[in-house]
1. Can you give me the number of residues within region A:107-129 that are assigned to a helix (DSSP H, G or I) and more than 9 Å from chain B (Cβ to nearest Cβ)?
2. I'd like the full set of residues that are in contact with a Pro (Cβ under 9 Å, 6 or more places away or on another chain) and crowded, with 17+ Cβ neighbours inside 10 Å, limited to region A:107-129.
3. Go through the residues of region A:77-100 one by one and say whether even a single one is farther than 26 Å from B:Ile637 by Cβ and hydrophobic (A, V, I, L, M, F, W, C).
4. (1) under 23 Å from A:Tyr13 (Cβ atoms); (2) within 14 Å of chain A (Cβ to nearest Cβ); (3) surrounded by fewer than 23 Cβ atoms within 10 Å (Cβ to Cβ): which one isn't true of B:Asn292, the others all being true?
5. Quick check on region B:411-422. Is at least one of its residues touching a strand residue (DSSP E or B) at 6+ places or on another chain (Cβ under 7 Å) and either buried (at least 21 other Cβ atoms within 10 Å of the Cβ) or small (Gly, Ala, Ser) (or both)?
6. Scan region B:233-240 and tell me whether some residue there is within 14 Å of chain A (Cβ to nearest Cβ), touching a Lys or Arg at 6+ places or on another chain (Cβ under 9 Å) and assigned to a loop (DSSP other than H, G, I, E, B).
7. Could you please find all residues in region B:484-497 being buried (at least 19 other Cβ atoms within 10 Å of the Cβ) and assigned to a loop (DSSP other than H, G, I, E, B)?
Amino acid sequence: MSDSKVTFGFWVYLMTDCVLFASLFATYAVLHGNTFGGPPASELFSLPFVLIETLLLLTSSFTAGLALLAARRANKAQVITWLTITFLLGVAFLGMELNEFASLVHEGNSWQRSGFLSAFFTLVGTHGLHISVGLLWLMVLVAQIIRRGFTKSTVQRLAMFGLFWHFLDIVWIFIFTFVYLMGAI
Amino acid sequence: MNTAINLIAHVGHHHEPFDITAIIMPVMLVATVVVGIIAIILLTIFKRWGWAIGIGKYIWGNWLTSLDPKKIGVMYIIVAVLMLLRGVSDAVMIRAQQALSTGDSSGVLSPDTFQQVFSAHGTIMIFFAAMGLMFGLINLVVPLLIGARDVAFPFLNSVSFWLFAAGAVMFNIPLLVGDFPATGWLAYPPLSGIEYSPGVGVDFWIWTLQIAGVGSLLSGINFLVTIFKMRAPGMTMMKMPVFVWSVLGALVLIAFAFPILTATLAMLSLDRTMGMHFFTSDFGGNPMMYINLIWAWGHPEVYILILPAFGVFSEVVATFSRKRLFGYTSMVWAIWGIVFLSFLVWLHHFFTMGAGADVNAFFGIMTAVIAVPTGVKVFNWLFTMFRGRITLSTPMMWFLGFVATFTVGGMAGVLMSVPAIDFQVHNSLFLVAHFHTMIIGGVLFGLFAGLTYWFPKIFGFRLNERLGKYAFWCWIVGFLTAFIPLYILGFMGATRRLDHYDASMGWQGLFIVAGVGVAIICLGIFFQLLQLGYSIWKRRENADLTGDPWNGRTLEWSVSSPAPEYNFAVIPTVHARDQFWVSKQSSAKPVKPRYTDISVPKNTPMGMFIAAAAFVIGFAIIWHVWIAALVGLIALIVLIIIRSLDEDTEKIITAAEVERIETAFLARKKQGQLA
């Protein structure tokens, strides 16, 4: 399998994923005011908390980039170190997100409360689901690199993982802006 | 509905006592078991187990596990034809019901069954018959048309097919257990919400489409990369055959539209299983959001189906008029005009929603404008025929039938693009007649033309022309007899999906005529099946020895029929549009090619296994058996990881083997040219 086909194909896949998120964003935009007597966005979210989440994810994107740079130098130990840090940051992000979800549900503001909360949980949850898939991918990738070293396919997969992870980063920036920042106003 | 035991119990009390599905289900179940037992007994009595296992091994080893896009294409078409027959039987039931159910008669179906039947009809015809035939055709010929040996991701292609097949199987399960949706083919909420559709029908619909839809999306990405990255050297974009351009347009639409479907179905599913409120009528849900989203996918979907059909006609008309296609560049621009505009018209499906005059006017104008690029294409085909040496072969007959019906249906569409008129005919049989004209007269005729045209390239022999023409005449006459009455009934005020109407309406005569039309279409289908059987029987007489039975113009006709597994022994170099035609005209002697080893993907059943895991996940969620869903999910992940670790995925066809195959073809070709 030649490199350019995989790279191009993966970009096309990312664009389709982008459309998927666009549909969820559009739905959120339509439903975000439909609180049905429940709490609106401004009463629910803690911005400092979400800011830490955001910084964790952005840092993990940075370390994923460092892993790719280390792979260019064929430095296996560094690649594995950076990928492990990426993984831990990703887990921390996901943990914080689940924590936020759990406290919302605990306060009686679950996805069943209103159309707004359905849209919120689905949009943010879909991003979290992507992060989970990314973490799973990362584990398999690290195992492959440990066992096989830098073959054509492991390097290719590492590069594709990088694209995926940066893409999720960008989606999160939009979520942070549209859901949390604009929700706080 | 938490356990499999409840699953069985659920069937018993779900329907009204006289419901036909209550009869169909046990009959199907008993029939399946009886046929199985008879087969086992016969095989044992006649000691034919070895023979049966041999056939099984052949099908497994040569077809089910194959990654050859030509074989995957054939499998797509087999599934699609089976689903088409199912969809037709639904159509027969709908027509029978409406022809009979007036006055005191309540027809042959209960209202609930009738709703399930028309919902299943639409779902099956769009997602499995039309999409399946389209993907089948794309798999069969796109690599051949661009001078490629394979698709970009052969394994992904197998996954796509099996997801499609898993969807097809899932949508037939309600024949045995559970029920079909009774909500129409697009399952509008709040009707399709858990409150008004508490059964499993809508869930079956959601998971069928979710699984098949992901398959379509993956296939779309795969062929998009194939067309962009794998064209033969020298084949610039503007030298591609127009079929490839049309497919590319459809693929771009798939990439943009199918994720919307995935998201929309997921939200409906979350409403139903997790108690969310996207589309409910209370708790701040917004049902119109669903209708916007589903048509933001749904309208491009119409063009996903029709564009490849347009492409088929572009090849067929040029070949059988012995002329190059008129207006190649305008054809290409027309395709992209349609692709662009198809995302700006979705609201015309619900002008009556009340979006306001300005919004309706915008979408009305866009809808009318989309007729312009379509008109460009129609004129280009007609100008291609002008002063051509026309051969009235079966594919050409399908084209002529298409051009007449499609133009009329298209004008009905332009008529309805005027919101003021749409308000009069919204949800009427006029609309039903319009879109059947586009889908049958456009999509289906195009796919039939394409299948007849490329059949010899895949199987090595032509289909019988005489029976093909009988089939065509039955289809066109039957189609007009079935749908002209519906246009009229629509104007008389008959709305769609009526299971009963008052005798004083005076509609019954026209409904009976429409029923006769469907009977004639069934005769056409009979001739098509007969044509297939007869052609297989007479395959030696109709064998295509030269690989070029129609005096074709494009690269696929330069290789043997059936095309070898590797498609091209030597990748051709392209200098012109219609490269094969140009080569045939040149007097240059062909040089003896130097063959090299060719690597092709190894067979693997993993695609089937992955789709099976997806099937288990969907089926488990439908019945709320969460443990099974989790098991399916873990299986899916493990299978994908196992496949990703496998680096030994290719096998080599040696140069000597290629030379043997090609020499045999050249000998056959000589024999064919002498005869």
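Only the coordinates and a few stated rules stand behind these numbers; no lab work does. These figures come from a predicted structure and were not determined experimentally. Backbone-built Cβ (ideal geometry, glycine too); neighbour counts: all protein chains shown.
1. Result for region A:107-129: 7.
2. Here is the first cut: in region A:107-129, the ones in contact with a Pro (Cβ under 9 Å, 6 or more places away or on another chain) are A:107, A:109, A:113-114, A:116-117.
Selection gives A:Asn109, A:Arg113, A:Ser114, A:Phe116, A:Leu117.
3. yes
4. Unmet condition: (1).
5. The initial filter retains those residues of region B:411-422 that are touching a strand residue (DSSP E or B) at 6+ places or on another chain (Cβ under 7 Å), namely none.
No, that holds for no residue.
6. No, every residue in region B:233-240 fails to be within 14 Å of chain A (Cβ to nearest Cβ), touching a Lys or Arg at 6+ places or on another chain (Cβ under 9 Å) and assigned to a loop (DSSP other than H, G, I, E, B).
7. B:Ala494, the sole residue that qualifies.
Residues checked against (1) hydroxyl-bearing (Ser, Thr, Tyr); (2) in a loop (DSSP other than H, G, I, E, B); (3) within 11 Å of chain A (Cβ to nearest Cβ); (4) without any contact (Cβ under 8 Å) to a residue 60 or more places away in the chain:
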| site | (1), (2), (3), (4) |
| --- | --- |
| B:Ser192 | yes, yes, no, no |
| B:Gly199 | no, yes, no, no |
| B:Gly249 | no, no, no, no |
| B:Thr262 | yes, no, yes, yes |
| B:Ser269 | yes, no, yes, no |
| B:Phe283 | no, yes, yes, yes |
| B:Met288 | no, no, yes, no |
| B:Glu301 | no, no, no, no |
| B:Leu305 | no, no, no, no |
